[in-house]
Amino acid sequence: MRLALAVLLLTFCSNAAEQPKCPPVSSLSVDKGEYTQRPGVVFVLENYSAQMVPRGKRLPQCLLKENEVQHGRITVSGSALTKMFDQKLRQDRQSKISDLKVELKGESVAISGKMHKVVGIPFSVEGPVDSPDGVRLRLHADKLKAAGIPVKGLLNAVGMELGGLINPGESQGVTVNGDDLYFDVDKLGHTRGH
């Protein structure tokens, strides 16, 4: 009886030691449809093709996947972007930005909210969006307001840039260079591609 229990225990331990294998790369193809990663954040996909690639070679990282976009068109509304950024800001306990709102205005995008330095100061940044390197999104700040007052001209006059007013350094995937805000889509949404 003891020998049978020992064999059973060794068999169980050897089976438990065998780790499940990482799943292979998978493909995703959508002619026209919607993708929702988070509640209230809907992306409209057209002629979309991507590889779902594991983030690592071993468990548990290989179970988490990133989209490597091969081609397609992705459209998202201002309200969906507002919800996505709001959810990310709530996860970051050290964020100094609140009440963030994203609005699409023709060819421009307007981002507004409150920057908490000593007290909450309302701010807004507005300008066109493009992707000069084909990877990151760039918002060029044509208009910049703090507490409802246009300050872009004043900042330029005193030699300051957008980063002197808004420091997104706490937000992973958002950087400032001159009058440009850069959004690294890979860090914001686990998606790579042009």
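The values are calculated or read from the model by the stated rules, or taken from the named source; none is laboratory data. This is a predicted model, so every value here is computed, not measured. Using ideal geometry, Cβ is built from the backbone for each residue, glycine included, and neighbour counts are taken over all protein chains shown. Side chains are part of the model used for accessible areas, which takes the heavy atoms of the whole protein and leaves out ligands, DNA and RNA. Shrake-Rupley method; radii C 1.70, N 1.55, O 1.52, S 1.80 Å.
Kindly indicate whether GLN37 is out of contact with any strand residue (DSSP E or B) (no Cβ under 9 Å at 6 or more places or on another chain) and among the polar types (S, T, N, Q). The answer is no for GLN37. Using the structure shown, decide if ASN47 is of a type in the set (S, T, N, Q), in a strand (DSSP E or B) and open to solvent by 50 Å² or more (accessible area, probe 1.4 Å). It is true that ASN47 is of a type in the set (S, T, N, Q), in a strand (DSSP E or B) and open to solvent by 50 Å² or more (accessible area, probe 1.4 Å). For the stretch 42-53, does any single residue satisfy the condition of being touching a helix residue (DSSP H, G or I) at 6+ places or on another chain (Cβ under 9 Å) and farther than 21 Å from HIS140 by Cα? Within the stretch 42-53, one or more residues are touching a helix residue (DSSP H, G or I) at 6+ places or on another chain (Cβ under 9 Å) and farther than 21 Å from HIS140 by Cα.
Each row is one residue, and each column tells you yes or no for (1) in contact (Cβ under 8 Å) with a residue 12 or more places away in the chain; (2) out of contact with any helix residue (DSSP H, G or I) (no Cβ under 6 Å at 6 or more places or on another chain); (3) basic (Lys, Arg); (4) under 26 Å from ASP180 (Cβ atoms).
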residue: GLN61; (1), (2), (3), (4): no, yes, no, no
residue: GLU66; (1), (2), (3), (4): yes, yes, no, yes
residue: THR75; (1), (2), (3), (4): yes, yes, no, yes
residue: LYS101; (1), (2), (3), (4): yes, no, yes, yes
residue: LYS105; (1), (2), (3), (4): yes, yes, yes, yes
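The set of residues from the stretch 23-54 being free of Cβ contacts under 8 Å to residues at least 24 places away in the same chain, farther than 28 Å from GLU103 by Cβ and not hydroxyl-bearing (Ser, Thr, Tyr) comprises PRO24, ASP31.
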